[in-house]
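A short write-up of the structure that comes next.
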Amino acid sequence: MNQNPNQQNQDIYNIACLGSGYTAGLTMIMMAFHCDVVITMLDVDNEDIDDWEAGIIPFDEPNFEHMFDQVRNVRLMFGQSNNIAAALNTADFIVIAVDNPIQRIKKKNTLNLTKWKDSWEQVAMHAPDKLNPTVVYNPEFYSLGTAFNDLQNPRQVIFGGDAQILNGPLFHNVRKLMYWVDQNAVFRYHDIKSVVLAKLGINGLLASKLSILNSIASISAAVEADMNTIMEIMGRDQRLGPTYLTPGIGFGGPSLERDTRLLCHVAQNKGLLKEEQIYTKVLENNEAAEKRFVNMVVDKMNGTTNKTIAIFGLASKHGISDLTNSPAIQVCKLLLDHDVYLRIYDLYVPNAHILGNFRRGVQERVVVATSPVQAATNASAICLLTDCDAYQHGGIQFYNQLFAVMTQPSYIFNGRQNSGINWQDVANIGFSIHAVGRPSRGLGFE
Ligand SMILES: NC(=O)C1=CN([C@@H]2O[C@H](COP(=O)(O)OP(=O)(O)OC[C@H]3O[C@@H](n4cnc5c(N)ncnc54)[C@H](O)[C@@H]3O)[C@@H](O)[C@H]2O)C=CC1
Ligand SMILES: O=C(O)[C@H]1O[C@H](OP(=O)(O)OP(=O)(O)OC[C@H]2O[C@@H](n3ccc(=O)[nH]c3=O)[C@H](O)[C@@H]2O)[C@H](O)[C@@H](O)[C@@H]1O
């Protein structure tokens, strides 16, 4: 554990955090590791708190275990719902990090702020002197799978809040705690609305970029162009930048969809119908990417009834186990509508989390495999639905093994980048290979 070099001047020692989910959990582990503080993470969900107390991080995020082991029950404590009042009352500083779901009610995107309001009321009741409306955001980073580095070396930490607070002792006390964050990465704005909208805007733009990119991939397939070449050229244009340029089965995860729907919600509330339509289209187009992929599979395989398809990767992106809004799950559901049998393998997702995503009537058509070879055994096709090193760098030997256990003809449908492999070599084994926006290879396509 680190010692805060500002300890002599430190004014905040006792922090209470409402919420012990993904955001709170990781931020508080990092904070407790770096600072001489006692943090009490509080939650209304007592089971989560039981996990934390037992030394289990109740979600998957790489690289935090070691830090957590050091701070648990030393600088990082836990409190169940019946401890909330006392912990708020004795805290020098309170963090609220509860979830605010966006729900679909009567076809409208509606933000449910019940949990935020409940938290606020808890603070008002038990610690009324600590009600300072200051928002802190880390908009440009803090992604699933890379949160450790994102929090350790943040590129932007944004404070949005009242001028009096941001120029006063409270801000400076918080800044002293965050001593490991580079001064050039800390920004203050006396305007909460703009800060919040900037955060939504970033995710809205990323979602729009991916949505348009997937449309370009669809056009590329229609005119038999090559998306690899297109991405390379587009990525060199500094106005666009080289990231978020990989087409596929659509974007997933908890954040891009949520923030795009939030933009719809705000635009709708302000009567900005054209603006709302733009983001509605972005979301519709994202679903279209899943459907296009499935149509490609059904079309190239000449129908799929009773055929077995191996699914490699179910999570929403590489290296994580999170299945929230995963387009891979939607692809599987659409394939099941075409009467296929699925064998699903994901290196990162625990087997127990996979089957529950499918309704009872189709579950008997789904098998959870323990290895890629087991998934591919007697399958006619493999769908690569999450980028994964194993599929990119497993080498030609890996694909030889798969080919040997599959039925013929054998297809690979690539819904992700997987650029580390020479697909022509894989096609030469005998596979028929089809990828989003790229020319087909193998069996009859050379
Ligand atoms: N700026 C950024 O980079 C990011 C921001 N976020 C934001 O952080 C917030 C939390 O998101 P997650 O951690 O993903 O949610 P989460 O669902 O993982 O965790 C929220 C936790 O709050 C608890 N909770 C709800 N009401 C409570 C109450 N009244 N008192 C105590 N605990 C309560 C829930 O039981 C749950 O365990 C959201 O507003 C989200 O938008 C999330 C990810 C990244
Ligand atoms: O608001 C948040 O919580 C976070 O939301 C996103 O982070 P995250 O949802 O973890 O995931 P991304 O890495 O942005 O990927 C989202 C989806 O887009 C897909 N994607 C990404 C890039 C790409 O080129 N192609 C592509 O299809 C990914 O596979 C994934 O399904 C933002 O990138 C973070 O900056 C932000 O802090």
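Every read-out reported here was derived from the displayed coordinates using simple, explicitly stated rules and does not represent laboratory data. Quick caveat, the model's predicted, so the values are computed rather than measured. Neighbour counts run over all protein chains shown; Cβ positions are idealised from the backbone, glycine included.
Can you tell which of 403, 356, 417 lies farthest toward the positive end of the dipole of region 308-446, using +1 and -1 charges on the Cβ of basic and acidic side chains (Lys, Arg; Asp, Glu)?
356
Quick one: which of 199/317; 115/193; 117/317; 199/281; 108/291; 115/199 span more than 28 angstrom between C-alpha atoms?
Details: 199/317 21 Å; 115/193 20 Å; 117/317 32 Å; 199/281 20 Å; 108/291 23 Å; 115/199 20 Å.
Where the Cα-Cα span goes over 28 Å, the pairs concerned are 117/317.
Can you tell me, using C-alpha contacts under 8 Å and at least 6 residues apart, the relative contact order of the chain as a whole percent? Write out the running numbers ahead of the final one.
Numbers: 787 pairs, mean separation 51.6, N = 446.
Normalised by residue count, the contact order of the chain is 12 percent.
By the gyration tensor of its Cα atoms, with a ≥ b ≥ c the square roots of the eigenvalues, what is the shape of region 224-309: rounded for a/c under 1.5, prolate for a/b over b/c, or oblate? Show your work: numbers first, answer last.
Details: a/c = 2.66, a/b = 1.34, b/c = 1.98.
It comes out oblate by the Cα gyration axes.
Calculated FRET efficiency, residue 281 and residue 116, Cβ-Cβ r, R0 25 Å, to nearest 0.05?
Working: r = 29 Å, r/R0 = 1.16.
It comes out at approximately 0.30.
Restricting to DSSP loop positions (anything but H, G, I, E, B) with no more than 13 other Cβ atoms inside 10 Å of their own Cβ, which GluC sites (Glu not before Pro) remain in region 120-226? Before the final figure, lay out the partial values.
On the way: sites: 121, 140, 224; in loops: 140, 224.
Those satisfying the criteria are 224.
Counting other C-beta atoms within 10 Å, and keeping those with at most 14, which DSSP coil trypsin sites (Lys or Arg not before Pro) do you find in region 300-374? Please list the in-between numbers first.
Working: sites: 300, 307, 317, 333, 343, 359, 360, 365; in loops: 307, 317, 359, 365.
Answer by residue number: 359.
Report relative contact order for region 7-190 in percent, whole number only (criteria: Cα-Cα under 8 Å, sequence separation at least 6).
On the way: 286 pairs, mean separation 41.0, N = 184.
Relative contact order here is 22 percent.
So what is the calculated 222 nm ellipticity per residue for the chain, using -39500 (n - 2.57) for each DSSP H run with n of 4 or more, over all residues, to the nearest 500 deg cm²/dmol?
On the way: 18 runs with 194 residues, N = 446.
The helix-only estimate for the chain comes to -13000 deg cm²/dmol at 222 nm.
Specify whether the C-alpha gyration tensor of region 7-190 places it in the rounded, prolate or oblate class, a ≥ b ≥ c being the square roots of the eigenvalues: rounded for a/c under 1.5, otherwise prolate if a/b is larger than b/c and oblate if not. All intermediate terms of the calculation are to be shown ahead of the outcome.
Numbers: a/c = 1.15, a/b = 1.06, b/c = 1.09.
It comes out rounded by the Cα gyration axes.
Which loop trypsin sites (Lys or Arg not before Pro) in region 223-258, with loop taken from DSSP, have no more than 12 other Cβ atoms within 10 angstrom of their Cβ? All intermediate terms of the calculation are to be shown ahead of the outcome.
On the way: sites: 236, 239, 258; in loops: 239.
Those satisfying the criteria are 239.
Apply the a/c threshold of 1.5 to the C-alpha gyration tensor of region 307-429 and tell me whether it is rounded, prolate or oblate. Could the numbers behind the result be given before it?
Values: a/c = 1.88, a/b = 1.32, b/c = 1.43.
Judged from the Cα gyration tensor, region 307-429 comes out oblate (a/c at least 1.5, b/c at or above a/b).
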